Amino acid sequence: SLAVLGRTFLYLGDYEKSEHLLRKSLKMNPNDADNLILISNCLVWLGHIEEAEQLYDKARNLNPLNPEAYLPAGMLVYFEKGEFEKAIEVGEKVSNLSIWTDFTAFLSAAYYHISRYDQMKSYWEKYLKLFSRNIKQGKTITNQDAVAWQKEVNPYKSKSNLEPFWEFMNGNSSEPNPKMVPTKKIN
């Protein structure tokens, strides 16, 4: 419950309280794989990428029988580390692409960063369909609508490697693949 509360404060923008609760949850329950995955995701959004990767690896080792459920967390870690090909490799193993509404948007962004635009477009179209169905009740949406929702729903404390991709999808960047935005580490 502490991890869930920590995630709640993360989404409320109270990053300090969120991190405190997440770390307390980790101390109280360091060997629950599902708890580690939740905390790993949150630590990515808080900017602690290396630690998030360690928790992701530990969770997969603790629960090797159900690794697919954890793959989206790994994809997120590798994406924000700037290891886009590894993020794609992990993300492509997920059979249920609607596991997160914006999961395919992350895959699209990873393909964007390695200049594979056909795959980028394919995954973006999948994301738009999921977004329209799951969030907008089937209404017509634009790239700007879809990007705005991603910015709202992903509670990053600092920069994300999604930012240049968002600019491109919004038509604010004519360059197809500007330099990656390095993820700021928070100590």
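For the chain, hydrophobic long helices are taken as DSSP H runs at least 18 Å long by C-alpha position along their axis with mean Kyte-Doolittle hydropathy of 0.5 or more; these are 33-46.
With the gyration tensor restricted to C-alpha atoms of the stretch 1-85, the semi-axes of the equivalent ellipsoid amount to 20, 16, 9 Å, longest first. Here the dipole of the stretch 1-101 is about 340 debye; that uses its Cα centre as origin and unit charges on the Cβ of Lys and Arg (positive) and Asp and Glu (negative). Mind scanning Lys58/Lys86; Lys86/Lys151; Lys27/Lys157; Lys24/Lys151 and naming the pairs with a C-alpha gap bigger than 20 Å? Long pairs (Cα-Cα over 20 Å): Lys86/Lys151; Lys27/Lys157; Lys24/Lys151. What nm distance separates the two modelled labels at Val4 and Glu125, each placed 7 Å from Cα along Cα→Cβ? Label-label distance for Val4 and Glu125, simple model: 3.9 nm.
Annotation: aspartates and glutamates with alpha-carbon distance below 20 angstrom to Lys126 (same-chain offsets under eight excluded): Glu68, Glu85, Glu89, Glu92, Asp102, Asp118, Asp145, Glu152, Glu163, Glu167.
For the chain, with all protein chains in place and a probe radius of 1.4 Å, 49% of the accessible heavy-atom surface sits on carbon or sulfur. Between the beta carbons of Glu16 and Lys139, assuming R0 = 45 Å, the FRET efficiency works out to 0.75 to the nearest 0.05. Gain on full extension, evaluated as 0.36 nm per residue between Asn29 and Asn96 minus their Cα-Cα distance, stands at 21.3 nm.
Of interest is the spacing of the C-alpha centroids, which for the stretch 5-40 and the stretch 99-140 amounts to 28 Å.
The values are calculated or read from the model by the stated rules, or taken from the named source; none is laboratory data. A quick note: this is a predicted structure, and the numbers were derived from the prediction, not measured. Glycine also receives a Cβ, built like all others from the backbone with ideal geometry; neighbour counts cover every protein chain displayed. Remember, those area values only see protein heavy atoms, side chains included, never the ligands or the DNA or RNA. Shrake-Rupley method; radii C 1.70, N 1.55, O 1.52, S 1.80 Å.
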